[in-house]
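Chemist: First the structure, then my questions, so here it is.
Please treat every number below as a calculation from the coordinates, not as lab data. In this text, all values refer to a predicted model and were calculated from it rather than measured experimentally. Neighbour counts run over all protein chains shown; Cβ positions are idealised from the backbone, glycine included.
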Amino acid sequence: MQRGDSLPDFYGGLYLPEYEESKELTDNKIEEITPRSVFIEESRVSLAVGEEAKISVQIGDEVKIGQPLSVGSNLLPLSFASVSGTVRSIGTVGDSEQRFIEIENNRKNEKAELREDGFSSSPSSGKRDIWSYTREQLLLLMERTLLTGHGGAGFPAYKKYQTKKNIDCVLINICECEPYLTCDRALTVGAAQDVIEGAVLLSRAANSERIVVCIEDADLITPLSKTVKAAFRDVKIQKADEHSIIYRSGSEDFSSSRSRSASSPSQSWEIELLRVGGKYPSGSERQLIKAAVGREVPFGGLPADAGVLVSNAATAAAFRRSVNGGYPAVRRIVTVSGAITKPKNLLVPEGTKIAELAAVCGEFTEPLRSGRKQAAIILGGPMTGEWATLDTPVPLSVGGVTVLPAIFGEEGACIRCGRCERSCPAGIVPYQIDRADRAVLPHELLSLSAGACIACGLCSYVCPAHRRLTAHTLHAAKLARRFAD
Ligand code: SF4
Ligand code: SF4
């Protein structure tokens, strides 16, 4: 996209080299892969909500897609099979503390029968009108299908949407958070209707009547605009300018609802398609809220404290599909990019090992070894991803696997150039925090607000002295928290 100065913006940040050079990542093609086996975490959410998982299958069991593999103390599912096949092992993988359930794929794509409980239907029994669900029913469906954020953090969406705060706006994030990643763009081009209808369902789950779809690439406006007009009858343009189109609906305009029941809840709503600048990290929640609706999330607070909930486009589409058939989301689009000859967007069942993704993306262009000076595998994007190996299973929350070329130099002394401070979107001073953290000065750390760091990685990226500023800022934040307690 053009680096438009007049687009809604936020403090700090940086324009990073984008994916323009990589045609494979901009053609919006998605290749489906069929892994030999998958490794499903015993719980998608236990670390986030403190819920312990009880595995409900045994080695040798036959399982089908969507079948629960473990449950929590309330007997709701905490993980699902993403392929059909046989349970081959249950145990840890790599350094993870969680157990993984290995399923050997029988390649039959058999789907589990779902319960007739008013929230799901068996594949043969027809579909319920998606607009007939109330807020409470949507929240329950989120919980039963274990909807988690697809934007990186993997936080359970039902926890977020259960908020008692007054929410007047839901933001749908289609700004790729990191350079190289194009998974949300490919999803939006291929499944704009799922994204838009999912956004409306999420706004109903939040009890909000306003949706802002935040878009980085200008060429996504047209398909999304056509989708809004085709999906909802009587929708009208309320306002339009070069950066934004605002549509307003009546209260009874869901054209895809052919057999609307008299008891269906009605809701009018407003949906805005808004272009925001492509500066990194525009996809980060706080920065997106500031750019899109001009509000600040209070320090130590959550988006809900500013009256806003933010969900990724892939989360919205996954919710739309779950509402349609009652099945949990068990696969997602993952961008494989970096030092590899055939970067691609792949449709990947949850728990597929990175080795199986890399196998269909050509050759590594640099020797693959562990360590900071060689090409390395990153789960996620190059700025905020985590070090991984070919054996790491890809969780549902992560949209990228990046083969990071050798770019790290030796760490040198700070030359007080100020680049880290100027680029920091949190408005803190990384070189001062770095110094105070290394010298273990907790008093000073408290006053430097290290806890405001959003772990975007920009300070380390811009530092000519290759200082590990992000790692020290995050460590400082922990130290300051302990000192304050
Ligand atoms: S201090 Fe934190 S928020 Fe600021 S640039 Fe570094 S990683 Fe990003
Ligand atoms: S970018 Fe690096 S060298 Fe420049 S002020 Fe920050 S820490 Fe020092």
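Chemist: Gain in length, Arg88 to Leu302, computed as 0.36 nm per residue apart minus the alpha-carbon separation, to one decimal in nm?
Modeler: 72.9 nm
Chemist: Determine, from the Cβ-Cβ distance of Lys159 and Asp61 and an R0 of 45 Å, the FRET efficiency 1/(1 + (r/R0)^6), rounded to the nearest 0.05.
Modeler: The pair Lys159/Asp61 has a calculated efficiency of 0.90.
Chemist: Can I ask one more? Sort the chain into rounded, prolate or oblate with this rule: let a ≥ b ≥ c be the square roots of the eigenvalues of the Cα gyration tensor; rounded if a/c is under 1.5, and if a/c is not under 1.5, prolate when a/b is larger than b/c, oblate otherwise.
Modeler: Numbers: a/c = 1.55, a/b = 1.19, b/c = 1.30.
Oblate, since a/c reaches 1.5 and b/c is not below a/b.
Chemist: Just tell me which lysines come within less than 24 Å, Cα to Cα, of Lys279; anything on the same chain fewer than 8 places away is out.
Modeler: Once the sequence-local lysines are set aside, what remains near Lys279 is Lys23, Lys290, Lys344.
Chemist: Normalised by the empirical 2.2 N^0.38 Å for globular proteins, what value does the Cα Rg of the range 35-105 take?
Modeler: 1.02
Chemist: Counting only C-alpha contacts under 8 Å and six or more residues apart, can you give the relative contact order of the range 419-484 as a whole percent?
Modeler: 39 percent
Chemist: Given an 8 Å cut-off on Cα distances and at least 6 residues of separation, report the relative contact order of the range 35-105 as a percent.
Modeler: Relative contact order for the range 35-105 comes out at 37 percent.
Chemist: Given Cα pairs under 8 Å that are at least 6 residues apart, what percent is the relative contact order of the chain?
Modeler: 18 percent
Chemist: Straight-line reach from Lys239: which lysines fall under 20 Å, measuring Cα to Cα and dropping same-chain residues less than 8 apart?
Modeler: Here the lysines satisfying the reach criterion relative to Lys239 are Lys226, Lys229.
Chemist: Further question on the same structure: Starting from 0.36 nm per residue, how many nanometres of slack lie between Ala230 and Glu366 once their C-alpha separation is accounted for?
Modeler: Roughly 44.3 nm would be gained on extension.
Chemist: For Leu75 and Asp391, calculate 0.36 nm times their separation in residues minus their Cα-Cα distance, and state this gained length in nm to one decimal.
Modeler: Values: separation 316, 0.36 × 316 = 113.76 nm, distance 3.05 nm.
The Leu75-Asp391 span can extend by a further 110.7 nm.
Chemist: Given +1 on the Cβ of Lys and Arg, -1 on the Cβ of Asp and Glu, and no further charges, what dipole in debye does the range 325-476 carry about its Cα centre, rounded to the nearest 20?
Modeler: Using Cβ point charges on Lys, Arg, Asp and Glu, the range 325-476 gives about 220 debye.
Chemist: Under unit Cβ charges (Lys, Arg +1; Asp, Glu -1), what dipole magnitude, rounded to 20 debye, does the range 419-484 have relative to its Cα centre? Each step should come with its number before you reach the end.
Modeler: Working: 9 positive and 4 negative charges, 26 e Å.
The calculation lands at about 120 debye.
Chemist: Net charge near Ala206, counting Lys/Arg +1 and Asp/Glu -1 over other residues with Cβ under 13 Å of its Cβ?
Modeler: On the way: positive: Arg135, Lys159, Lys160, Lys164, Lys165, Arg204, Arg210; negative: Glu136, Asp168, Glu209.
Summing Lys/Arg as +1 and Asp/Glu as -1 gives +4.
Chemist: Wrap a convex hull around the Cα atoms of the range 118-325, take a quarter of its surface area, and give that in square nanometres. If you can, show how the numbers build up before the last one.
Modeler: Values: hull surface 45.4 nm².
One quarter of the hull surface, i.e. the mean projection, equals 11.4 nm².
Chemist: For the chain, with the dipole built from +1 on Lys and Arg beta-carbon atoms and -1 on Asp and Glu ones, taken about the Cα centre, which of Trp131, Val38, His443 lies farthest toward the positive end?
Modeler: Positive-most Cα among the choices belongs to Trp131.
Chemist: A further question on this structure: Among Gly400, Pro343, Pro425, whose Cα sits farthest toward the positive end of the charge dipole of the range 327-485 (+1 at Cβ of Lys/Arg, -1 at Cβ of Asp/Glu, about the Cα centre)?
Modeler: Pro425
Chemist: Which percentage, to the nearest 5, of the DSSP beta bridges contained in the chain is antiparallel?
Modeler: 65 percent
Chemist: Something else about it: With the dipole of the chain worked out from charges on the C-beta (+1 for Lys and Arg, -1 for Asp and Glu) around the Cα centre, which of Ala359, Asn312, Val83 lies farthest toward the positive end?
Modeler: Sorting the options by dipole projection puts first Asn312.
Chemist: Only four residue types carry charge here, +1 at the Cβ of Lys and Arg and -1 at the Cβ of Asp and Glu. Report the dipole size of the chain about the Cα centre in Debye, rounded to the nearest 20.
Modeler: Roughly 400 debye, rounded to the nearest 20.
Chemist: Taking loop as defined by DSSP and a crowding limit of 16 other beta carbons within 10 Å, which GluC sites (Glu not before Pro) in the range 290-375 fit?
Modeler: Glu296, Glu363
Chemist: Same structure again: Could you compute the FRET efficiency for Glu410 and Lys108, with r as their C-beta to C-beta distance and R0 at 60 Å, rounded to 0.05?
Modeler: About 0.70, to the nearest 0.05.
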